[in-house]
Amino acid sequence: MSVETVQSTSESLLMGMKDDIPFDERWDRMKPVIQRLLSLEDVPREEWHQLFWDVFASIQWDPDGSERLQTALTTLVCERFKKIRLALEEIKEKDSSNYLELMEHYRREWDDFESQLAYIPEPFRALEIEFLERTDEELSIEFLLLLEWKFMFRSFESELRAGAKHLIYEERCGNTEYKHDARVQALKMTYVHFGRKQLISTSSPAKGLELEWDQFYYKDRRDFYVKRVADKLAEEPTAIEYMSFALDVYNFERKMTKQYIAEASFKKSQDELLEVLVNEPAASELILTSIDSIVNALDKEALRIAFILMRPDVDKSRALRKAVNQYVIKKGTERLKACSLTDGDAAVSCVLKLYEETDMLIEYAFMSHFKFTTERDRGFNELLNSADIFGEENKFPEMLATHVDGLLRKKALCRKYNEQEIEERLFGIINLLKYIDSKDLFMRHHKLHLTRRLVLNVSNDLQLEENFVDGLRAIGMPSEYVNKLQRMFQDIKLSEGLSKDVKAMLKKDSINVKVLSAGAWVRGLSRFPIQLPHQVEDSLNSIESYYKEQHTGRKLSFHPLLSHGTMTFESKVGKYELDVTAVQMAVLSCWNRRANSELTIQELCLGSLLPESDLKKTLTSLTMNPKLKIQLVLTRPQVTKAAKEFTAGMTFRVNRAFALIKSGKAATRGKVSLIGRLPLTAEKATKKEDDEIFQLRTLRVQEAALKVLKARRRVDAATLSSELTELLKSQFLPTMKMIKEQLEWIIEQGFAERDPKAKEIFVYKA
């Protein structure tokens, strides 16, 4: 069927439904139905349905039907509203000061009218559609109803507002009889509907409730609380007392405002209230002058109140954040100077406690607001990198690494804390590391401690160790450092399987093998010949042969500084097990066949094959071990200090009267560790260590500078310095002096040059 056929068929059907009832006759049938609807009287269903048809038919078959229907409907609505107006005027004339009776009558009429807005426009939707199609303008029956109501409402608006003001005043004064009064709600909803249909004209681009009702409500509230604030300040309250008063007002008005102000305007309303409560000069001065003392007292409740009251005001909020920043710096400085910085554990515990305090403070009082967290972070960054506290060469990274070692090493700090407390302290240390500029120093010391723990099997919990390393990665530690630490764990796990195979091959259960990757563990370890007991030498040869069979092409080297074992020593008193390093074992083995002999340093060097410097360090651990009340090796003449007192003429002998003292008595059996800390080469003189760190930092600056120059080709000094700092900040913060020196070195080497016309511009030379 064609489109023309369908259209002609539809038109013929409509023509078949056409009736010849004139508009006036049809209106006479519609009018009583509409009147009953406006009067809230019941309308039978048949008449309700007939009204829809009559409206449609009037528009469809009468050329002037839409205009005549609109005019007639408007007249009918005006007549209805005229009756309401007369009733309200009668009440007003009877007692012009009795606003409450007027408001009560208005409330009833409004409630009826508001319910009518939901259904009266429905039969006239066809009129709205036809009007839009014909005039290209929108016609809303709801708009017409509200417009006529507005004309009537304006005659009583001032009296209704006066009544609302009185009711709200009573509610603010605590009169529960007027709480959330329906009369005020009716007035509010009037403005709401006016606003939705944009019946309130204004030069402001905002619409609706914010235009008249909000302004009325805000002004009334401001007038009320300006006086209340003045009365409260006249009582000369403390800052905390005044803030408590302001918070009570804020919370009360928060609940009250939700009843009378639209949700979209709620935040603006609360900010306006806080401006009244806090921005009064006397109130503002009272609070601001007390902020520092409140922060120092860690009064969380008072600070939470201050945060709520001052949050909208940028300047006051900044003052509160600054107080938190200064608390971290001042309190941290006081506590660190009060405790001895030679006691690293005490210093770290002091900072951890301060961090925990401020973290809990920010979480509770400032609701973890990011701006307060940022100020806290700035404070800790300044504190933990302070040269006044920790010296030019910041020692705090080393303190942190040593404290971590104590937490993760068996029989050390870990005995003071349970598992949960250890995890919390490790998490706190990871947070503190974010603030340290010299992160490379921490990683250097942490790696040394981790090496000792893994090699000596004294780690408290390997899972905790790995979790801590994951935490280091999470805070942005350089990948090259973290990857090496994770490779160390991998080596230990792989070595467990190798140890089982070696034990099965040698049929010895007393041997544990650790195969360590050269690139992951401590570099620069001294490799020197060493004379071990023949049983150990034979086992080492067998292990090396077995490993080469299993792994073709790999080179295996024995590292005495990373090896340790257990020796049995029998004295006149008893039999004891001694945990010793491979170097200590080599020295003690010199007395195996000459137990009662006194040996010189030269003889011990020949017997152990150790260099004299390493031999003296080892003899110190055997002759002056702080763990032993009776020393294992005796000297002649006797010495009481370090290895530098050992001379070529001195002799050493094994103490045949050696014994372990327990509870004040000599034990006939027992076990003791003489290892202490593995004598890694990296533990050499502090000056040498500092030189190595400086050299490494120099290379890092050169590498980063060349990377920036190569990428940009031309770059000014300020940009180059900024990008260098950004590249290296996860390891350390280079000084301007170091940057300038390395840039000059790069120019001298011919990798870059200065622009002849602009000396501050650097140009990369390919």
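Details
- Among (1) more than 30 Å from HIS166 (Cβ to Cβ); (2) at pLDDT below 80, the one test that TYR99 misses: (1)
- In the stretch 646-658, the residues that are at pLDDT below 90 and within 58 Å of the chain's Cα centre (by Cα): PHE646
- Just one of the listed residues (LYS508, LYS493, LYS500, LYS514) is at pLDDT 85 or above, out of contact with any Lys or Arg (no Cβ under 9 Å at 6 or more places or on another chain) and assigned to a loop (DSSP other than H, G, I, E, B), namely LYS514.
- Listed by position, the helices (runs of 4 or more DSSP H) enclosed by the stretch 369-445 that each have at least 2 residues that are of a type in the set (Lys, Arg) are 370-384.
- Of all residues making up the stretch 547-566, the number that are at pLDDT 85 or above and crowded, with 16+ Cβ neighbours inside 10 Å: 3
- Failed criterion for THR552 (all others in (1) over 30 Å from GLY670 (Cβ atoms); (2) in a strand (DSSP E or B) hold): (2)
- The one condition from (1) surrounded by fewer than 18 Cβ atoms within 10 Å (Cβ to Cβ); (2) touching a Leu at 6+ places or on another chain (Cβ under 7 Å); (3) more than 25 Å from PRO529 (Cβ to Cβ) that GLY574 does not meet is (2).
- Tally, over the stretch 281-296, of residues that are surrounded by fewer than 17 Cβ atoms within 10 Å (Cβ to Cβ) and in contact (Cβ under 8 Å) with a residue 40 or more places away in the chain: 2
- Residue within the stretch 494-511 that is closer than 26 Å to ASP440 by Cα, of a type outside the set (Gly, Ala, Ser) and assigned by TED's automatic domain parsing to the domain that holds ASN467 present: no
- ALA643 within 30 Å of MET738 (Cβ to Cβ) and modelled with pLDDT under 85: no
- Picking from residues in the stretch 446-476 that are farther than 24 Å from ARG697 by Cβ and either in a loop (DSSP other than H, G, I, E, B) or among the polar types (S, T, N, Q) (or both), the one that is farthest from the chain's Cα centre (by Cα) is LEU456.
- Pairs with Cβ under 8 Å, 6+ apart, first in the stretch 19-37 and on the phi < 0 side of the Ramachandran plot, second modelled with pLDDT under 80 and buried (at least 19 other Cβ atoms within 10 Å of the Cβ): PHE23/GLY65
- Residue in the stretch 253-268 that is more than 30 Å from GLN185 (Cα to Cα), surrounded by 15 or more Cβ atoms within 10 Å (Cβ to Cβ) and more than 22 Å from the chain's Cα centre (by Cα) present: no
- Total residues in the stretch 487-506 satisfying the condition of being surrounded by fewer than 16 Cβ atoms within 10 Å (Cβ to Cβ) and more than 19 Å from LYS548 (Cα to Cα): the figure is 3.
The values are calculated or read from the model by the stated rules, or taken from the named source; none is laboratory data. In this text the structure is predicted, and so the values were computed from the model without any measurement. Using ideal geometry, Cβ is built from the backbone for each residue, glycine included, and neighbour counts are taken over all protein chains shown.
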